[in-house]
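Colleague: First, the structure itself, so that you have it in front of you.
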Amino acid sequence: MTVRILSDFDGVWTDQATEAEHVKAYQSAEAARLAGVDPVEAARDFAGYVASVLRTPERFGWTPDGRITAYADEDPFCHPNSVAGWIESIAASDVRAALYRDAIVGAGYANLTAFSDHCFHHACGTYREAHPPALVPGAGEAFQALHDAGAEVVVVSNSHADKVVGWLRHAGIDAGEDQGHLVRVHGDAGKWHVEGDDAIEVAGRRVLVDRPRYRAVIEDEDPDVVVGDVFSLDLALPSVMRTNGAGCAPHLLALRRHPHTPDWILDSQGGGAIDVVLDHVRDLVLVVRELAAQG
């Protein structure tokens, strides 16, 4: 039996911590430049904003259309967008926050979210130009072990496929968008894209699940296992598809745990949706062997 795994890339097969810090440092430095604030002071301000956001993470997150598509505490890459929301929420009563807001909008950004999106994409680009792919140790061996155990691994990412393929090939891992590779890559998944208001409640938080672009990927790939590190982006929708009996829904949902993975996900197992918690991608090999044995 071939077990098809549909796995997120960043945060599952990569270590994001250093890159996320680079993004946050760029955001504060760019805000400092625009506002005429000393960069050291701005770094201190923005670190304080992140701390404030994480005291009430249920209020902030990645908000591409104004709604939270992933919460602030689910992923450090959500921090810059969350900080944008925090600054906007306090600017009326905080002189320094108002200074940053007015300088950013005055520089031509539609709003602070647009600014944080620019910072994310620019900083990720410069980081990846200057650093080798931050694949987790043993990633290549894990891909090969999964293949040998009878798994077909499809990496699904919000990034362009050529970026992911390039990272994997740079690390000596056979990857491509077509069949016949050790790892097949499906890019531009649009997991963040939300349309309607359909949602599930997990530990008191409302997680939006009408994500048609990601649903189309799942329907196309028809996976046995879905793996992700951000519940809202990676696992919430396939959990609903499974609950509703969709024919292409996965049999098993696996969460890749990190030190930053929030308690509201771990303690509730994603509202009971998560079947397996992984500390490393190599742990997937046992999962595949068990599924293969079940036929």
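Colleague: For the range 37-125, please list each of the helices (runs of 4 or more DSSP H) lying entirely inside it that holds at least 1 residues being in contact with a strand residue (DSSP E or B) (Cβ under 8 Å, 6 or more places away or on another chain) and at pLDDT 95 or above.
Modeller: On the way: elements: 39-55, 79-90, 95-106.
The helices (runs of 4 or more DSSP H) meeting that bar are 79-90.
Colleague: Would you check which residues across the range 98-148 are on the phi > 0 side of the Ramachandran plot and in contact with a Lys or Arg (Cβ under 7 Å, 6 or more places away or on another chain) and list them?
Modeller: If the condition is that a residue be on the phi > 0 side of the Ramachandran plot and in contact with a Lys or Arg (Cβ under 7 Å, 6 or more places away or on another chain), then G138 is the only one that fits.
Colleague: Oh, and also: Which of the residues that make up the range 160-184 are touching a residue at least 40 places away in the same chain (Cβ under 8 Å) and either surrounded by fewer than 17 Cβ atoms within 10 Å (Cβ to Cβ) or in a strand (DSSP E or B) (or both)?
Modeller: V183
Colleague: May I pose another question? Given the residues L255, L235, which is the only one that is crowded, with 24+ Cβ neighbours inside 10 Å and closer than 18 Å to I68 by Cα?
Modeller: Details: L255 fails: closer than 18 Å to I68 by Cα.
Unique residue meeting the criteria: L235.
Colleague: Sticking with this structure for a sec: Check D10, D75 and return the single one that is under 30 Å from R169 (Cα atoms) and not assigned by TED's automatic domain parsing to the domain that holds F120.
Modeller: Numbers: D75 fails: not assigned by TED's automatic domain parsing to the domain that holds F120.
Checking each option against the conditions leaves just D10.
Colleague: Moving on to the next point. On the given criteria, is V154 in contact with a Gly (Cβ under 9 Å, 6 or more places away or on another chain), of a type in the set (A, V, I, L, M, F, W, C) and closer than 21 Å to R215 by Cα?
Modeller: Values: in contact with a Gly (Cβ under 9 Å, 6 or more places away or on another chain): no; of a type in the set (A, V, I, L, M, F, W, C): yes; closer than 21 Å to R215 by Cα: yes.
The answer is no for V154.
Colleague: Out of curiosity, is Y100 touching a residue at least 60 places away in the same chain (Cβ under 8 Å), aromatic (F, W, Y) and touching a helix residue (DSSP H, G or I) at 6+ places or on another chain (Cβ under 9 Å)?
Modeller: yes
Colleague: Need pairs with beta-carbon distance below 9 Å; first residue in the same structural domain as R101 (by TED's automatic domain parsing) and within the range 39-67, second loosely packed, with under 12 Cβ neighbours inside 10 Å and of a type outside the set (V, I, T); sequence gap 6+ or separate chains.
Modeller: E58/G204; R67/D197
Colleague: Now for a different question. In the range 270-283, how many residues are over 17 Å from V12 (Cβ atoms) and surrounded by fewer than 17 Cβ atoms within 10 Å (Cβ to Cβ)?
Modeller: Matching residues across the range 270-283 total 1.
Colleague: Against the condition in contact with a helix residue (DSSP H, G or I) (Cβ under 7 Å, 6 or more places away or on another chain), charged (D, E, K, R), assigned to a loop (DSSP other than H, G, I, E, B) and outside the structural domain of W192 (by TED's automatic domain parsing), how does E30 come out, does it pass? Break it down stepwise before answering.
Modeller: Working: in contact with a helix residue (DSSP H, G or I) (Cβ under 7 Å, 6 or more places away or on another chain): yes; charged (D, E, K, R): yes; assigned to a loop (DSSP other than H, G, I, E, B): no; outside the structural domain of W192 (by TED's automatic domain parsing): yes.
Considered against the rule, which asks whether it is in contact with a helix residue (DSSP H, G or I) (Cβ under 7 Å, 6 or more places away or on another chain), charged (D, E, K, R), assigned to a loop (DSSP other than H, G, I, E, B) and outside the structural domain of W192 (by TED's automatic domain parsing), E30 comes out as no.
Colleague: Give the residue that is surrounded by the most Cβ atoms within 10 Å (Cβ to Cβ), with candidates limited to residues of the range 41-62 that are within 18 Å of A31 (Cβ to Cβ) and of a type in the set (V, I, T). Steps first, answer last, please.
Modeller: Quick first cut of the range 41-62, residues within 18 Å of A31 (Cβ to Cβ) only: 41-53, 60.
Next, only the ones that are of a type in the set (V, I, T) stay: 50, 53.
Numbers: V50: 18, V53: 24.
Among them, the one singled out is V53.
Colleague: For the range 122-134, indicate whether the set of residues that are free of Cβ contacts under 8 Å to residues at least 40 places away in the same chain and surrounded by 21 or more Cβ atoms within 10 Å (Cβ to Cβ) is non-empty.
Modeller: No: the range 122-134 contains no residue that is free of Cβ contacts under 8 Å to residues at least 40 places away in the same chain and surrounded by 21 or more Cβ atoms within 10 Å (Cβ to Cβ).
The values are calculated or read from the model by the stated rules, or taken from the named source; none is laboratory data. Since we're looking at a predicted model, the values are computed, not measured. Here Cβ is always computed from backbone atoms with ideal geometry, including for glycine, and neighbour counts include all displayed protein chains.
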